[in-house]
Amino acid sequence: LKDNAGHRTTLQYGDYRIVADGEKPEITVTYDTYSAKNGKYYNCVRTAMVTVRDRNFDPSSVRWQISGSNDDYHIGRWTGRGERHQCQVVFSGEGKNYQIKLTAADYAGNQTVWDKDTAFTIHKTPPVIRMEMDTAQAANAFYYRRPQEVRFFVKDKNVNTDTAAVCRQNGEKISVGLTAAGGNRY
């Protein structure tokens, strides 16, 4: 640089990289299992793949808000480069109302909130069924003079009494009434 008096100044600047980024990160969440019983019940481990699309994504900016009745889930490490980054969240324990919500930002400070998850339940334990009948009136332990009342007891947290049915061996449904008692269904 030369001024009007003839003085020269030389100053060398280092390399500076300037990135203009006004776009927010794009977040999507997909699951490996979609066929649920009654719309929200799963009897298996469920894995969510969280994808963030942004060329300047900052993985350390992610703030997770995972809700549910059980903390038995695992958040994996972020992988990827360029504009596509992914992370798995594995739900393995039984629990109700699991839901993912997260906030992510890029290095320019653009932030996105993802809160479109639908609550789901993981229930892997089969129901316990017990049958009772008064066998005191039986002749030879099999034959009765009158029809007998048979009581079925089903112990499970998630039995739907409206759709539960008792069937004969040939598949024919038998009409029964089930009522709820406590946290279990009978």
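Restricting attention to segment 72-89, report how many residues are more than 16 Å from LYS101 (Cβ to Cβ), touching a residue at least 24 places away in the same chain (Cβ under 8 Å) and open to solvent by less than 40 Å² (accessible area, probe 1.4 Å).
1
Is it the case that some residue within segment 145-156 is at pLDDT 95 or above, outside any strand (DSSP E or B) and not hydroxyl-bearing (Ser, Thr, Tyr)?
no
In segment 107-121, which residue that is open to solvent by less than 70 Å² (accessible area, probe 1.4 Å) and of a type in the set (Phe, Trp, Tyr) is nearest to ASN70 (Cα to Cα)?
Step by step, filter segment 107-121, then rank; the result is PHE120.
Considering (1) under 14 Å from the mean Cα position of the chain (by Cα); (2) surrounded by 15 or more Cβ atoms within 10 Å (Cβ to Cβ); (3) of a type in the set (A, V, I, L, M, F, W, C), say which one ALA104 fails and leave the rest.
(1)
Here are the criteria: (1) under 11 Å from the mean Cα position of the chain (by Cα); (2) surrounded by fewer than 14 Cβ atoms within 10 Å (Cβ to Cβ). Tell me which single one GLY93 does not satisfy.
(2)
Among the residues of segment 36-71, which ones are farther than 12 Å from PHE120 by Cβ and either in contact with a helix residue (DSSP H, G or I) (Cβ under 9 Å, 6 or more places away or on another chain) or open to solvent by 70 Å² or more (accessible area, probe 1.4 Å) (or both)?
ARG53, ARG55, SER60, ARG63, GLN65, ASP71, listed by residue number.
Quick check on segment 55-66. Is at least one of its residues over 17 Å from VAL113 (Cβ atoms) and not polar (S, T, N, Q)?
Yes, the conditions are met somewhere in segment 55-66.
The values are calculated or read from the model by the stated rules, or taken from the named source; none is laboratory data. No experiment lies behind these values; they were computed from the predicted model shown. Neighbour counts are summed over all protein chains in view; Cβ atoms, including those assigned to glycine, are modelled from backbone coordinates with ideal geometry. Side chains are part of the model used for accessible areas, which takes the heavy atoms of the whole protein and leaves out ligands, DNA and RNA. Shrake-Rupley method; radii C 1.70, N 1.55, O 1.52, S 1.80 Å.
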